[in-house]
Amino acid sequence: MRTLSILTLVFFGASPVAAFDLSPQAQATLSRGEAHAEVAPDPAGATGGRVRGVVDIPASPDRVWAVLTDCASAARMITNLERCAVLSGDQKQGWDVREHVTRKSLFFPRMRIVFRSDYDARRRIRFRLVEGDLKAEEGEWRLLPLNGGASTRVFYENRLAVDWAIPKAMLRAGLRKDTPKALARLREACLAVA
């Protein structure tokens, strides 16, 4: 989960169309009730990667949305999150700017990440880096109602780049390991709210 704090789980969206096509491996993982993630090298060649994750949550999109957009819930998904604060804007107006501060971990420094989120209520959150200790970050969350809205498929995409002296493969391996854990924690947080 250390690495996922770098990703700054910021927020999502959904429509009748999936956010991305699910690979056979992703479909098999979801059928076992687990979260799935795929990590590819950064398209620009930077130290970082392109992350895609998906998880099915037996909760309504409204409940998932409430957890994803609540700063108090952020620490349940990002285990080394020290602070989450809304700096400006208002989700009800369709956007806000948030700050995440993470604690130092074995491989990563303490970080401050400020990002803007644009909201398409209960469907999608697009986010992008405004300032902070990352080189680049841009992505989105999408919510796809399942079973008549009784459950939700959550898609997560993020392009992340850093300026650290860390091997690219090591960073991607961390993202591959930590992203499913964070998505599983999102599911747990949604179920705890019930």
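The values are calculated or read from the model by the stated rules, or taken from the named source; none is laboratory data. Note that the coordinates shown come from a computational prediction; the quantities given were computed from them, not determined experimentally. Here the Cβ positions follow ideal geometry from the backbone for every residue, glycine too, while neighbour counts run over all protein chains shown. For accessibility, only protein heavy atoms count, side chains too; no ligands or nucleic acids. Shrake-Rupley method; radii C 1.70, N 1.55, O 1.52, S 1.80 Å.
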From the phi angles alone, apply the Karplus equation (6.51, -1.76, 1.60; θ = phi - 60°) to the range 148-153 and give each ³J(HN,Hα) in whole Hz, x where the residue is Gly or Pro. x, x, 6, 9, 9, 9
Let me know the whole percent of all Cα-Cα pairs from the range 61-162 that are separated by more than 15 Å. 65 percent
Would you kindly derive the ³J(HN,Hα) couplings of the range 48-65 from the backbone phi angles with the Karplus curve 6.51 cos²θ - 1.76 cosθ + 1.60 (θ = phi - 60°), listing them in order in whole Hz, with x for Gly and Pro? x, x, 10, 10, 10, x, 8, 8, 9, 10, x, 8, 5, x, 4, 5, 4, 4
From DSSP H assignment alone, runs of 4+ in the chain each adding -39500 (n - 2.57), the sum over residues rounded to the nearest 500 puts [θ] at 222 nm at -8500 deg cm²/dmol
Mind checking the per residue accessible area of the range 82-194 for me, 1.4 Å probe, whole number of Å²? 50 Å²
Using Cα springs under 10 Å in a Gaussian network model of the chain, which residue among 152, 102, 79 shows the largest mean-square fluctuation? 79
What percentage of all Cα-Cα pairs in the range 124-194 are separated by more than 18 Å? 53 percent
Tell me the label-point distance for the pair residue 177, residue 150, using the 7 Å Cα-to-Cβ offset, in nm and rounded to one decimal. 3.8 nm
Computed over the range 69-129, Kirkwood Rh from alpha-carbon pairs, angstrom: 12.2 Å
Peptides 55-64, 162-171: what's the order by average Cβ count within 10 Å, highest mean first? 55-64, 162-171
Relative to 2.2 N^0.38 Å, what does the C-alpha radius of gyration of the range 22-80 come to as a ratio? Two decimals please. 1.39
Got a number for carbon plus sulfur as a percent of the chain's accessible area, 1.4 Å probe? 49 percent
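Express the relative contact order of the chain as a whole percentage, based on alpha carbon pairs under 8 Å and six or more residues apart in sequence.
The normalised contact order for the chain reaches 33 percent.
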Would you mind checking the pairs 92/177; 92/181; 135/177 and listing those with alpha carbons more than 24 angstrom apart? 92/177; 92/181
Shape parameters for the chain, alpha-carbon atoms, Rg then Dmax in Å: 15.3, 47
